[in-house]
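Data first, discussion second: the structure below is written as structure tokens.
The numbers here are math on the coordinates, done by the rules we state, and not lab data. Not measured: the values here are computed from a predicted model. Cβ placement follows ideal geometry from the backbone for every residue including glycine, while neighbour counts extend to all protein chains displayed.
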Amino acid sequence: MSGVADTPVPMEVVDLSAGWSFKQRDDAGENAWYPVKKVPSTVHQDLIDNKKLDDPFLGFNEIKAEWVGLKSWTYRTTIANPSVLPRGSKAVLAFDGLDTFAHVRLDGKTILRSDNMFLPHRVDVTEAIQSSRVDQDHSLEVEFEPAFLKAREIKDQHPEHKFICFNGDPARLAVRKAQYHWGWDWGPLLMCAGIWRPVRLEMYSIRIADLRTGVTIADDYKLAAIQASVEVEGLENQHHGRIVQVRFTVSLGDREVFSRQADVTPLGGRHKATATAHLEVSDPQLWMPNGYGQQPLYTVSVTLSTEEGTVLHQDSRRIGLRKVQLVQEPDSHGKSFYFRVNDVDIFCGGSCWIPTDSFLTNVTPEKYRAWIELMVPANQKMIRVWGGGIYENDAFYDACDELGIMVWQDFMFGCGNYPCFPAILTSIEAEAVANVRRIRHHPSLVIFAGNNEDYQVQESAHLTYDYEDKTEEHWLKSDFPARYIYESLLPRISAAEAPWIPYHPGSPWGDGKISSDPTVGDMHQWNVWHGTQEKYQIFDSLGGRFNSEFGMEAFPHIATIKSFVEREEDLYPQSHVLDFHNKADGHERRIATYLVENVRTATELEAYIHLTQLIQCEALMFGYRGWRKQWGDDRRCGGALVWQLNDCWPVTSWSIVDYYLRRKPAYYAMARVLAPVAVGIRRSHHDWSVTHAREPRTQDWELWVVSAKLTEITADVEVKFVSVQTGLEIKDRIVKKGVKVAPNGTTDVLKGQVDNVHEEPHVLAARIWVDGTLVARDTDWPQPLKYLQFPDRNVKVEMVGDEMHVSAGKPVKCLVFEEREGCHLSDSAIDLVPNDQQIIRVRGLKAGEPPLNWTYLGAGEQ
Ligand code: BMA
């Protein structure tokens, strides 16, 4: 290495994404190496690209891919020798993520061994770079050992621990790697390995190692203060007494709104220093969630430069100015659990998120954006990053910031009793610090939760837990040691690194009570589908203070099914390959149960898809609609997050949008009940399938309006009573004008009775107008739907420009339009009653293309 410079020089970054090849570690010879398109990558995709592996998403190929996860793999590249590494400068290899048991060698010498996928690494390689000749390139090699086998080895080394879990091999608990790689009840077992996040070589004399931005907003919202601080590495490399200048700026778009110079103060040791600044934004433009305002994003930048103005390093964070509170206060229902943003209470209707591909490196920033964009018109406010996946990519949080989707972030522990041996605790601590630091500035991030369902595992396996025992030593020695992680380690880290983000020990967590306690904390309500398999019509009565999981499976789109079914003859609902692409315990029974309880079932595939999707639609509607109503009852329910928004491969699961981003009908049903102003109508439930159940003589019904508006609105409301058989109104409609609708709450408007003895089966059809505009509808049907007849519905769908005008002569349940590639519908999965034409806007339908197909419940009946 030659070239000596004694003035500090700007940081230089060499991207190391190209020039890689890989091989099975034990294969010898140059022929064993195959090219890698680009790093980050995963070994499965690299094998597919080289035609050494059939696409594991097709048919039964997942099984054929098993060997990949049982082998060791080596990746290599060369790094061109940098021409100049100035005196006093450093060379660092930065690995943002290695999956998982990695052994890294530079020029044949070990420079790093790592065993935590979630941990970034920085390795000082100055000596190796400096000691080489100018014309000598460097070889970089990363070898991955099979995590599946390593996990079992580590597990065996810890007989003192009870490895218990739901989903996957219990050995997964011993390894810090995305837990869903071990297979989940919606995902294949594909044990990835590889350089899954960027790698680069950095050369610098001085660097911003961390930038922290804590925002506080004055009570009157006239001023936002940003407490900004940086950690500076390499201050000792200043040459000839040159003073490094630190400058902070805040800008909005191109406009700089504040700037400040700061001094660097050494931090004890020789290598670290800090600089802090108090930055101010007057008349701040506030960041608000989707539907409540805009999402202005300010940039806080920091520049290190020499006295002469040479910029040595720059870094920035894009932030939002907002205040977030998790309101947990004693109230008439127990203890509240809801979010308040800039003093506005927000009902968090939204979704849970799983890693959106089995092969994480295939998810582009555009794809992240497309996923989050789906949530916006669907009136969703929150997404929960579930603990069995990953701390998501920056692009995910960026999209949430830009679109106003609040993020609930679990730490990466899921459905298990995690061990706490010293090495894993050290690793978890480093992982938590690194990831909290990486994502804490995102305004969308509103809560950290310690884990997913680990307290439920503890409860079901009767592991030691005494809430009153606050001695951490006892926790660590108990058979539920991870309590230490969730109640001591992680809260400490989040308080130190991101005190502005509320921390919650688990999802769910009952604050010392059982995690399913409905009076406190959040809750996962799985007694519809799993558990006691209740009827979904009573979802609202099963909720807690915040329902962070609940769901119902539905088949994906027919095109998605056809993407993995290789033989025409397997295109029937119960075929082996369709069952294989459903990983949920007892799925045949459960789908069948909910179908036979509610609808006349079918055997033809497309009809069956529609039925399962209709059931999902109904189930989620019953959940969200009822829980949103409770929001107005002293915030009895603070939010509901469906399990799950997305899929990681083509599968039948609880997702509301499938792997190829094709919406299932439930997506639309949710959007309707989460609309800013929505009307709800329902008759009381009767359980028709309990022994000797008779239809009750009468059923009460009620009509209410929910509003997310922050001021009172005046509305007109109407209810019609429409015979299912004839389509005629069986009694006088009720119209109520000038209803005062409470802001950000629920208003009860009408009540009545259905007389099952003297009245024929009929639909309660409600509509609401605000300022003369029809804003929402709801219909309530006699249950179960299977007892109803649907002949001669006389459905008409007329294309008028880019609108579909839809009407029917008799009540129609769940009219679903085809989801065609490239088309966006303003609504689907609608119910219709006579004399109430509905208009659906279609975006993306090209001229000359045939109109969209559609179907509805009982469409085939004569
Ligand atoms: C929840 C989740 C997942 C699981 C889902 C469906 O408990 O946390 O672990 O996939 O249920 O069973």
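Observations on the structure shown:
- For the chain, the share of alpha carbon pairs falling in successive 20 Å distance bins from zero is 14, 44, 33, 9, 1 percent.
- Taking amide H as placed 1.01 Å from N in the peptide plane, Trp33 has no amide H partner under 5 Å among residues 5 or more places away or on another chain.
- Ranked by the mean number of other Cβ atoms within 10 Å per residue, highest first, peptides 460-466, 433-439 order as 433-439, 460-466.
- Projected-area mean, region 12-202, by convex hull of Cα positions, square nanometres: 12.4 nm²
- Inter-probe distance in nm under a simple model that places probes 7 Å from Cα toward Cβ, at Ala559 and Leu774: 3.0 nm
- Residue ranges 748-757, 711-720, 414-423, 503-512 sort as 503-512, 414-423, 711-720, 748-757 when ordered by packing (mean number of other C-beta atoms within 10 Å per residue, highest first).
- Placing unit charges on the Cβ atoms only, positive for Lys and Arg and negative for Asp and Glu, gives region 676-782 a dipole magnitude near 180 debye about its Cα centre.
- Sum of -39500 (n - 2.57) over DSSP H runs of 4+, divided by residues of the chain (222 nm, nearest 500): -5000 deg cm²/dmol
- Additional length obtainable on full extension of the chain from Glu534 to Val327, 0.36 nm per residue less Cα span: 71.5 nm
- Our note on the geometry: Cα centres of region 580-610 and region 52-74, 29 Å apart.
- Our coupling estimate for region 525-535, obtained by passing each phi through the Karplus curve with A = 6.51, B = -1.76, C = 1.60 and θ = phi - 60°, is 9, 10, 7, 9, 5, 7, x, 7, 6, 5, 6 Hz, Gly and Pro reported as x.
- Among the GluC sites (Glu not before Pro) in region 398-486, those placed in a DSSP loop whose Cβ has at most 12 other Cβ atoms within 10 Å are Glu468.
- Per residue, the average separation of C-alpha pairs within less than 8 Å and at least 6 apart gives region 789-862 a relative contact order of 38 percent.
- Computed about the Cα centre, the dipole magnitude for the chain is approximately 740 debye when only Lys and Arg (+1) and Asp and Glu (-1) carry charge, each at its Cβ.
- Set of aspartates and glutamates with alpha-carbon distance to Lys813 below 18 Å, sequence-local pairs under 8 removed: Glu597, Glu606, Glu618, Glu729, Glu760, Asp778, Asp780, Asp792, Asp827, Asp831, Asp836, Glu861
- Taking a ≥ b ≥ c as the square roots of the eigenvalues of the Cα gyration tensor, region 195-328 is classed as prolate, since a/c reaches at least 1.5 and a/b is larger than b/c.
- Taking amide H positions as modeled 1.01 Å from N, with prolines and chain starts lacking one, the residues under 5 Å from Arg777 and 5 or more places away or on another chain are Val679.
- In a fully extended conformation the segment linking His576 and Val596 would gain 5.1 nm over its present Cα-Cα distance, using 0.36 nm per residue.
- Helical segments meeting 30 Å axial Cα length and Kyte-Doolittle -1.0 threshold in the chain (DSSP H): 605-631
- Across region 121-137, coupling constants 3J(HN,Hα) worked out from phi with the 6.51/-1.76/1.60 Karplus curve, θ = phi - 60°, read 10, 10, 10, 6, 10, 3, 4, 4, 5, 5, 7, 8, 6, 4, 8, 9, 7 Hz, and Gly and Pro carry x.
- Phi to ³J(HN,Hα) by Karplus 6.51 cos²θ - 1.76 cosθ + 1.60 over region 739-756, Hz, x for Gly, Pro: 6, 7, 9, 4, x, 6, x, 10, 10, 6, 10, 9, 9, x, 9, 9, 9, 6
- Given charges at Cβ of Lys, Arg, Asp, Glu: the chain dipole, positive-most of Gln699, Gly551, Pro35: Gln699
- The ranking of Tyr180, Tyr292 by Cβ neighbour count inside 10 Å, starting from the fewest, reads Tyr292, Tyr180.
- With a simple spin-label model that places each label point 7 Å from the Cα along the Cα-to-Cβ direction, the separation between Glu373 and Val677 comes to 3.0 nm.
- For Leu571, Leu703, Leu374, the sequence from fewest to most other C-beta atoms within 10 Å is Leu571, Leu374, Leu703.
- Of the peptides 645-655, 271-281, the ranking by mean beta-carbon count within 10 Å, highest at the top, reads 645-655, 271-281.
- Near the amide H of Ser655, within less than 5 Å, lie the amide hydrogens of Ala554, Gln644, all on another chain or at least 5 residues away, with H placed in the peptide plane.
- Mean separation of Cα contacts under 8 Å, 6 or more apart, over the residue count of the chain: relative contact order %: 9 percent
- Gyration tensor (alpha-carbon) shape descriptor, region 676-782, a/c threshold 1.5: prolate
- Taking a Cβ cut-off of under 12 Å around Ala151, the surrounding Lys, Arg, Asp and Glu residues balance to a net charge of +1, with basic ones at +1 and acidic ones at -1.
- Here each label is just a point 7 Å from Cα along the line to Cβ, and for Thr711 and Arg438 those points are 4.5 nm apart.
- On full extension, the segment bounded by Arg133 and Gln837 gains 245.6 nm, given 0.36 nm per residue less the C-alpha separation.
- Options Tyr503, Trp529, Thr779, ranked by Cα towards positive dipole end of the chain, top entry (Cβ charges): Thr779
- Residues Glu392, Glu702, sorted so that the one with the fewest Cβ neighbours within 10 Å comes first: Glu702, Glu392
- Rg/Rh for region 789-862 (Cα atoms only, Rh after Kirkwood) is 0.97.
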